[in-house]
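The values are calculated or read from the model by the stated rules, or taken from the named source; none is laboratory data. Note that the coordinates shown come from a computational prediction; the quantities given were computed from them, not determined experimentally. Please note: Cβ atoms are built from the backbone with ideal geometry, for glycine as well, and neighbour counts cover all protein chains shown. The accessibility values were calculated without ligands, DNA or RNA, using every heavy atom of the protein model including side chains. Shrake-Rupley method; radii C 1.70, N 1.55, O 1.52, S 1.80 Å.
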Amino acid sequence: MNIYHVWCDLKPGIGDLAFTEKVNTYLGHLREQGLIEGFRLTRKKLGLAPSALGEFHLMIEVRDLAQLDTAFERVAGRREPVEGFHFGVNSLVTNATFALYRDFPDPVRHSGEEKF
């Protein structure tokens, strides 16, 4: 599984539950379309995280980079309904930081024949 991470803060005046609703609508749509496997939204607790990371942390799970690329292509097409859902989330956040991680070791990893 590959996990696309997003850390962000909310723009001033944006309610946390309004943000949650928009995330659920947007990513729920992508999941229903088979473009992602799942997602999770978490919030910093007691300020225990590096200051450079935002208040909210979104984790989007995809099977592989092909699925992620297909999701990106759909969103980049800027067509409804996904354009409205994407805008509904993107317009609420600031200070977004992104990362891509994978489960380790990879399922295809073979041990014992490494040359390094």
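Looking at R78, R109, which is the one that is farther than 15 Å from H5 by Cβ, free of Cβ contacts under 8 Å to residues at least 60 places away in the same chain and in contact with a His (Cβ under 9 Å, 6 or more places away or on another chain)? Steps first, answer last, please.
On the way: R109 fails: in contact with a His (Cβ under 9 Å, 6 or more places away or on another chain).
Matching residue, one of R78, R109: R78.
Contact map, segment 89-101: first residue more than 15 Å from T20 (Cβ to Cβ), second residue part of a helix (DSSP H, G or I) and not polar (S, T, N, Q), Cβ cut-off under 8 Å, separation 6 or more or different chains; pairs are L100/L68. A single member of E37, E83, E61 is over 25 Å from P107 (Cα atoms) and either surrounded by 12 or more Cβ atoms within 10 Å (Cβ to Cβ) or of a type outside the set (V, I, T) (or both), and it is E83. F116 meets all of the listed conditions (1) modelled with pLDDT under 95; (2) of a type outside the set (S, T, Y); (3) under 14 Å from the mean Cα position of the chain (by Cα) but one, namely (3). Tell me, please, whether a residue that is part of a helix (DSSP H, G or I), of a type outside the set (A, V, I, L, M, F, W, C), on the phi < 0 side of the Ramachandran plot and touching a residue at least 40 places away in the same chain (Cβ under 8 Å) can be found in segment 30-47. No, the conditions are met nowhere in segment 30-47.
In this structure, does D106 turn out to be over 26 Å from L10 (Cα atoms), of a type in the set (D, E, K, R) and open to solvent by 70 Å² or more (accessible area, probe 1.4 Å)? When the stated conditions are applied, D106 does not pass them. For segment 15-26, filtered to residues that are without any contact (Cβ under 8 Å) to a residue 60 or more places away in the chain and open to solvent by less than 50 Å² (accessible area, probe 1.4 Å), the residue that is farthest from Y101 (Cα to Cα) is G15.
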